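Engineer: One structure, pasted below without further comment.
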Amino acid sequence: MGDVITMSKLELTRAEVCQRLIHRRLNQADAASLLSISIRQVKRLLRAYRKDGAAALVSKRRGKPGNHHLPQKIIDQALSLIQSKYQDFGPTLACEKLSESHKLKLSVETVRQLMIGAGLWQTRRAKAPRIHQSRERRSCLGELCQLDGSPHDWFEGRAPRCTLLVFIDDATSRLMHLRFVKSETTFTYFEATGQYLLKHGKPRTLYSDKYSVFRPPRAEALTGSGITQFGRAMDELGIEIICANTPQAKGRVERVNQTLQDRLVKEMRLLSISSMEEANEYVAEFIAAFNEKFAVEAKSGSDAHRPLLAEDKLERILRLKESRVLSKNLELSYKRVIYQIQSKRPRYALRYQRVWVYEKANGEVEIEYKGRRLEYRIHRKQPRQAEVTDSKQAQVEKEYKGLKRRWKRHVAPADGRWRRFRLEGSRPPKPIEKK
């Protein structure tokens, strides 16, 4: 029995063509056209086939490592580093770290295959596509800025859970500002937005979700002013707010939240950052590296940010502001506290006048009348009442309580009225047996 030769489809085709050339059923020009090679190469193949048969057409590189095959030493070094330092990293981020920190120039696909072979990465099943209406990017920087809060365990247990406020430009995908805060409140958004405005200027539009900081609840919108404190502040600065109806509408900031929860968390782990203060000092360096890698060019090279004007006093605008009417005794109520105005003016001059109450982030309260600050004293504090919980916190508490809640089935009493009631023509109820 002769030797078994393994050949590919191309090699089998070449063997068939050479056989036809030998039997003169095909000329060399037609053979070259059929195999997409030159006539000189056809002559070489035919000469080898006549000398050694079909084995001469088999590739001599079969079974040998490729010219670009990585040395085993580099493969072992890369796997050792990934298993020791970057075990839970994705292939893309692990590839970047191997290149930046260890000077190992590998492709992302090579790292992915190494991690799959070592059991450190699993291929993910593609999700069923959902169709949403696409929206083109804005044309220039500062025309539209998307913002959102991302609650997450950013320090992986090294510090309490917190929230990252993210500002990203729609035209360029540039991270404009990041700020770690304890939770999403009006004051934390005031603080982060003020830092953004001082650094970049005023954008034309802010794009957010329908969180209560940006959009009042329906009942308040119908009965109150229809605008939140944050919305009032942005209106005074001339910045428009758009509230998205779905998360997909502001998909740019939603996707970057997922990227930050992967990349930023691991960067802070490598740098041993374990507090919000250290993280807020580091984010400037992270933003510069992130934008250099992922930012894109805008259609227009102009910057739509507007500079702050002299009348844009952020310390006065970025605080709570509510109006009150003074009583006959020059008193007003604000957050369960009764304030009484102390003034040298006659009492009748301020009775029933509308004043403005301002509250700062530290809880300090100021009362103004026609732009002038009024002195006051705290008359008394009212008893504490039930407080309104924001929608996000209420949803979390509801889901947590739902895990433990068990509803009991209601059982009607045996001698209830419904047992004695029956329609005409219906069967009488069964007698109740007493135990």
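Engineer: Can we say Leu271 is assigned by TED's automatic domain parsing to the domain that holds Arg158, surrounded by 15 or more Cβ atoms within 10 Å (Cβ to Cβ) and not basic (Lys, Arg)?
Structural biologist: no
Engineer: Then there's this: Restricted to the range 137-176, and to residues that are among the polar types (S, T, N, Q) and part of a loop (DSSP other than H, G, I, E, B), which residue is nearest to the chain's Cα centre (by Cα)? Outline the logic, then answer.
Structural biologist: Step one: filter the range 137-176 for residues among the polar types (S, T, N, Q), giving 139, 146, 150, 163, 172-173.
This time we only want the ones that are part of a loop (DSSP other than H, G, I, E, B), so: 139, 172-173.
Values: Ser139: 22, Thr172: 16, Ser173: 12 Å.
Out of the qualifying residues, it is Ser173.
Engineer: Any residue in the range 98-113 that is closer than 29 Å to Asp3 by Cα and not assigned by TED's automatic domain parsing to the domain that holds Arg24?
Structural biologist: No; the residues of the range 98-113 include none that is closer than 29 Å to Asp3 by Cα and not assigned by TED's automatic domain parsing to the domain that holds Arg24.
Engineer: Which pairs turn up if I take residues in the range 245-261 that are assigned by TED's automatic domain parsing to the domain that holds Leu175 and closer than 23 Å to Tyr282 by Cβ and look for partners that are small (Gly, Ala, Ser) and crowded, with 17+ Cβ neighbours inside 10 Å with beta carbon separation below 6 Å, at least 6 apart in sequence or on another chain?
Structural biologist: Cβ pairs passing all conditions: Asn257/Ser150.
Engineer: Condition first: part of a loop (DSSP other than H, G, I, E, B) and touching a strand residue (DSSP E or B) at 6+ places or on another chain (Cβ under 7 Å). Can you find one or more residues in the range 312-325 that meet it? Before you say what the answer is, go through the steps one by one.
Structural biologist: Pass one, the range 312-325, residues part of a loop (DSSP other than H, G, I, E, B): 312-313, 318-319.
Next, from what is left, pick out any that are touching a strand residue (DSSP E or B) at 6+ places or on another chain (Cβ under 7 Å): 319.
The answer is yes, given that some residue of the range 312-325 is part of a loop (DSSP other than H, G, I, E, B) and touching a strand residue (DSSP E or B) at 6+ places or on another chain (Cβ under 7 Å).
Engineer: Quick one: in the range 184-199, which of the residues that are without any contact (Cβ under 8 Å) to a residue 60 or more places away in the chain and surrounded by fewer than 19 Cβ atoms within 10 Å (Cβ to Cβ) is nearest to the chain's Cα centre (by Cα)?
Structural biologist: Top of the filtered list is Thr185.
Engineer: For the range 273-287, does any single residue satisfy the condition of being among the aromatic types (Phe, Trp, Tyr) and in contact (Cβ under 8 Å) with a residue 60 or more places away in the chain?
Structural biologist: Of the residues in the range 273-287, the ones among the aromatic types (Phe, Trp, Tyr) are 282, 286.
This time we only want the ones that are in contact (Cβ under 8 Å) with a residue 60 or more places away in the chain, so: 286.
Yes.
Engineer: Going by the structure shown, is Ser333 assigned by TED's automatic domain parsing to the domain that holds Leu374 and part of a strand (DSSP E or B)?
Structural biologist: So Ser333 fits the description; yes.
Engineer: In addition: List the helices (runs of 4 or more DSSP H) that sit entirely inside the range 29-118 and contain at least 2 residues that are within 47 Å of the chain's Cα centre (by Cα). So that I can check it myself, show each step before the final result.
Structural biologist: Working: elements: 39-52, 72-85, 91-102, 108-117.
Output list reads 72-85, 91-102, 108-117.
Engineer: Output the qualifying pairs, or none if there are none: Cβ atoms under 8 angstrom, residues six or more apart or on different chains, first residue in the range 323-344 and small (Gly, Ala, Ser), second residue in a strand (DSSP E or B).
Structural biologist: Close Cβ pairs satisfying both conditions: Ser323/Arg354; Ser323/Val355; Ser323/Trp356; Ser323/Val357; Ser333/Arg324; Ser333/Tyr339; Ser343/Leu374; Ser343/Glu375.
Engineer: Looking only at residues in the range 135-166 that are of a type in the set (A, V, I, L, M) and buried (at least 20 other Cβ atoms within 10 Å of the Cβ), which one is nearest to Asp303 (Cα to Cα)? Give the steps one after another, and end with the answer.
Structural biologist: Taking the range 135-166 and keeping what is of a type in the set (A, V, I, L, M), we get 141, 144, 147, 159, 164-166.
The next check asks that each one be buried (at least 20 other Cβ atoms within 10 Å of the Cβ); those that pass are 141, 144, 147, 164-166.
On the way: Leu141: 5, Leu144: 11, Leu147: 18, Leu164: 26, Leu165: 23, Val166: 20 Å.
Here the residue is Leu141.
Engineer: Name every residue in the range 111-128 that is of a type outside the set (Lys, Arg) and closer than 17 Å to Asp88 by Cα, in order of residue number.
Structural biologist: If the condition is that a residue be of a type outside the set (Lys, Arg) and closer than 17 Å to Asp88 by Cα, then Val111, Gln113, Leu114, Met115, Ile116, Gly117, Ala118, Gly119, Leu120, Trp121, Gln122, Thr123 are the ones that fit.
Engineer: Kindly provide the set of residues from the range 226-243 that are more than 20 Å from Leu308 (Cβ to Cβ) and either surrounded by 15 or more Cβ atoms within 10 Å (Cβ to Cβ) or at pLDDT 95 or above (or both), ordered by number.
Structural biologist: Ile227, Thr228, Cys243
The values are calculated or read from the model by the stated rules, or taken from the named source; none is laboratory data. From a predicted model like this one, the values you see are computed outputs, not experimental measurements. Counting neighbours? That spans all protein chains shown, and the Cβs are built from the backbone with ideal geometry, glycine included.
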